[in-house]
Amino acid sequence: MSQEDYDLLLRCLNREVAAEYLMYRRYAPKMFAICLRYAGNEMEAEDILQNGFLRLFTHLHQFRFKGSLEGWIRKIFVTTAINYYRMYFKFRREDEFSTALKDATITPEILSAISTQELLDMIHSLPPGYRTIFNMYVIEEYNHKEIAGMLGISVGTSKSQLHRAKSAVRQMIEKRGL
């Protein structure tokens, strides 16, 4: 941790409003990007962002001054986004899907043919369950057991939701003729 982060953290722990504002300004853009990946729209992302900062400042005393402050903050925001999702949406059980989608592998060649923004837009358009699992597995790099534990679902449900998310993205890519 840099000396600057250390000093800022100590000031925030002393409840200095100016330091809290500085922390917000420093980390809000990166954390908002995380929130957007989980939210259905910008308004939901803003709600998650505000809830995340409330959690951050409430639990700041739990930071152990080991490792990356930004990494620790990132975990708070991922957890906040997941909790937001769990509060407002429910996963559909595997047996509620009438048909299974075909296996879809998204090759590097296909990914190189679309822009990052196009891919993010596709992921953002996924149903909340698919989007959450996709983000946690592909972007946050949680394994299925961790995802299942965090969301209160089975490992099989996590795997099937990821499979369906990849299939849905693949179908969107195919519709664009790529």
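Derivation of every value follows stated rules applied to the coordinates shown; laboratory data play no part. For clarity, every value in this text was computed on a predicted model and none was experimentally measured.
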Legend entry - Whole-Hz couplings from phi, Karplus 6.51/-1.76/1.60, listed for region 118-123; x for Gly and Pro: 4, 5, 4, 4, 5, 4
Inset, instruction - List the residues whose amide H sits under 5 Å from the amide H of Tyr142, counting only those 5 or more places along or on another chain, with H placed 1.01 Å from N in the peptide plane. - result: Tyr137
Inset, instruction - Step through the residues of region 27-41 one at a time and calculate ³J(HN,Hα) from phi using the Karplus curve (6.51 cos²θ - 1.76 cosθ + 1.60, θ = phi - 60°), rounding each to whole Hz and writing x for Gly and Pro. - result: 9, 4, x, 5, 6, 5, 4, 5, 4, 4, 5, 9, 7, x, 7
Legend entry - HN-Hα J in Hz across region 56-64 - Karplus 6.51, -1.76, 1.60, θ = phi - 60°, x for Gly and Pro: 4, 5, 6, 10, 4, 5, 7, 5, 9
